[in-house]
1. Which length gain, in nm to one decimal place, applies between Ser100 and Asn125 when the Cα-Cα distance is subtracted from 0.36 nm times their residue separation?
2. Quick check: pseudo-label points 7 Å beyond the Cα along Cα→Cβ at Ile160 and Lys173, how many nm apart are they?
3. Normalised radius of gyration for the range 39-185, please: alpha carbon Rg relative to 2.2 N^0.38 Å, two decimal places.
4. Within 13 Å, Cβ to Cβ, of Arg145, how many net charges do the neighbouring residues add up to if Lys/Arg are +1 and Asp/Glu are -1?
5. Place a +1 charge on the Cβ of each Lys and Arg in the range 39-185 and a -1 charge on the Cβ of each Asp and Glu, then give the dipole magnitude about the Cα centre in debye, rounded to the nearest 20.
Amino acid sequence: MRPEICMRGLEELNLYVRSRNKRFDFSALLLWSVLWACGAQAQTPDTGKAHVWDTYVNARFAYSVCYPGDVLLPQGEADNGDGQKFINKDGKAEARVYGSYFASNGEDQSLKKTYLDEIQSVQKNGFTVTYKLLKADQFVLSGSRKGKIFYEKIVLIGGIFKTLRLEYTNDTKADFDTITSTMASCFQTRLLIKQKLHKRTRK
């Protein structure tokens, strides 16, 4: 399906949901079916290498992410509905995407503290952080250890963390650096519809 059709479908879906005060009905489902048929074509730039891009939508935490369905195989949504793991066929790369609540227990639970805690956590796991970026509502970390590379993007919206994390070996770097960049760009964290939707099944 042509990308311009996909983009128009997304725009119409957002306008429709706003007009219905975020209520979900059959018409919205039809629009979603158009977007599923698009996969991630409307959201992903040219990667320089042909991949079959699909989209995973999480209804519980209202986010979506595109992924190369010919490379990363979805392992099924977690029982609690927070997200999903994707792995490649030889196990050299995996991606995880999930949502979690921003708990406050009276201590300093600012995004900056979470950012600093996450840096300490990945360092304890043996990674050297080579890139880090902190913004008002999100942060990004990446680095490496003994032949493995990691990338993590965490966005905080309305008291919910929405996380995208990838790990892959050095020998897959040429392809997965680009895949990671594409997935990070199409990681949509402000979806309007939170109701449960049927996931598209690849044929």
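Read the figures in this text as sums done on the coordinates, not as results from a lab. Remember, it's a predicted structure, so these values are computed and weren't measured experimentally. Note: ideal-geometry Cβ built from the backbone for every residue, glycine included; neighbour counts use all protein chains shown.
1. Working: separation 25, 0.36 × 25 = 9.00 nm, distance 2.12 nm.
Net length gain for the segment: 6.9 nm.
2. 3.6
3. Details: Rg = 15.3 Å, N = 147, 2.2 N^0.38 = 14.7 Å.
That works out to 1.05 for the range 39-185.
4. Details: positive: Lys124, Lys146, Lys148; negative: Glu167.
Its environment carries a net charge of +2.
5. Details: 18 positive and 18 negative charges, 76 e Å.
So the dipole magnitude of the range 39-185 works out to roughly 360 debye.
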